[in-house]
Amino acid sequence: MQKNDEAAAKASAQHIGVINPYALAEVMKGRRINWKGVADPRKLLEETLQHPYGELFDPKHGGPLYPGLKLHTDTMTVEPSEVPEEGVGSLAAPIVGSSTVWVDPGDFSEFGTELNDPVQGASADCYFIAAMSSVAWAQTYQIAQRSRSTDSSGHFVDLVPFFVSGAWKNFEVTEELPLLSPGNTFIYARSSEAGEIWPAVYEKAYAQYRANSTSDHPDYGPLSYGDPVAACVHLMGWTGHYYSNPAMAAHDIWQTVRANSISYKTFNPMVAWTYGTAPPGLNYNSAHIVANHAYSLIGWSYVSGQEYLVLRNPWGSYEATLNVLGGTWTAWDAPYYGGPGEWRTINLPTTDGVFAIAATTFKSYFAGFGMATK
């Protein structure tokens, strides 16, 4: 790829972010919502967020999921309306308020760190949640608990390392997380596994980094909007690479993902992101694709002569519906250092955010993709 194409891809990835509407609705309601048990989730979202459902997923409609963003419709890019210092995210106001309590709500990990564990909350940090999911999938042992007990009651301080400015930097946080009272409803990142908190602990440490703070109760506002490839680099300490979809043929995009996979599964953490607003002639709402959003890119498939890419929405829901593969997707799920593994079968489309989309559709609807490599 030409150097200027990589530069264009990197530029398009700098301010990626959108709030998870389901998490935002829970914050506004002040309680957890069993979305699978809601008769009409779209209606509940509209009523709670006070915005038409069909206009929620593109910032051109001025909805509540893109706070503090300025949209340039001519270039399909966005930038924070408040320009932060270098290395710090948008200063969009955090949601922490008088009903917030800091509580240790569970164990760091219940069944290890897995692809579907990280679920984004009411912060526009999909770029980081998608990166965590990609790292947990591609490099199984990278995310780990490094902790020390602070007293006989079993309170812990976790050490979370991020690779920043060419070196590893350690961040220390307790497992106290900002929750809504009463009910201890998660505001920000949570795990799909009940009682597990590692995605929230890592997000809290990343909030420290983005806010340039050592506070154990950091400001989560600076988490909003960032670079998903850079987030992979921060988690892995590897080198980031950016690819521009407009500069590549769909087949070449697919082949690039294949080259970074074994048995259909990525071994380098990969992410993808959409345009700041839908390109001319395309409709994100009808395709069930979200503008200015980061996704985990987890593998590939080839069925009936059609090339597919497999992605995960960090919301843990809201899968794409245009030119997607049905049935099942099977990939070899094992660490590449040896040890046990198995063929893992995922139903498509699933209800946890995973979907397989035609490479041609991915090329048109997504702005770019990238990865971290050794």
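Just so it is clear, none of the values below were taken in a lab; they were calculated from the coordinates. Keep in mind it's a predicted model, so treat the numbers as computed, not measured. Note that each Cβ is placed from the backbone with ideal geometry, even for glycine, and that neighbours are counted across all protein chains shown.
The number of Lys pairs in the chain with C-alpha atoms less than 18 Å apart, excluding pairs fewer than 8 positions apart on the same chain, is 5. Region 182-235 and region 329-374 have Cα centres separated by 23 Å. Residues whose amide H falls under 5 Å from that of residue 108, counting only those 5 or more places apart or on a different chain, are 197, with hydrogens built in the peptide plane.
Rounding to the nearest 20 debye, state how big the charge dipole of the chain is about its Cα centre with +1 on each Lys and Arg Cβ and -1 on each Asp and Glu Cβ.
Its charge dipole is roughly 620 debye.
Taking other C-beta atoms within 10 Å as the exposure proxy, 6, 26 rank 6, 26 from fewest upward. Calculated mean residue ellipticity, 222 nm, the chain: -6500 deg cm²/dmol, from DSSP H runs (n ≥ 4) at -39500 (n - 2.57) each, averaged per residue and rounded to 500. Here region 230-373 carries DSSP beta bridges of which approximately 95% are antiparallel, counting only pairs with both residues inside. Taking every DSSP beta bridge that has both ends in the chain, the antiparallel portion is near 95%. In this structure, the amide hydrogen of residue 177, modeled 1.01 Å from its nitrogen in the peptide plane, lies closer than 5 angstrom to those of 103, 104, counting only residues at least 5 positions away or on a different chain. Taking the DSSP bridge list for region 107-215 and keeping only pairs wholly inside it, about 95 percent are antiparallel. Taking amide H as placed 1.01 Å from N in the peptide plane, the amide H of residue 344 sits under 5 Å from that of 331, 332, 333, each at least 5 places away or on another chain. Listed peptides 50-63, 9-22 appear in the order 9-22, 50-63 once ranked by packing, highest mean of other Cβ atoms within 10 Å at the front. Distance from the Cα centroid of region 247-309 to that of region 1-56 is 19 Å (rounded to whole angstrom).
Considering only 282, 353, 53, and ranking their Cα positions along the charge dipole of the chain that arises from unit charges at the beta-carbon of Lys, Arg, Asp and Glu, the one farthest toward the positive end is 282. Projecting the Cα atoms of 23, 304, 189 onto the charge dipole of the chain, computed from C-beta unit charges around the Cα centre, puts 304 farthest toward the positive end.
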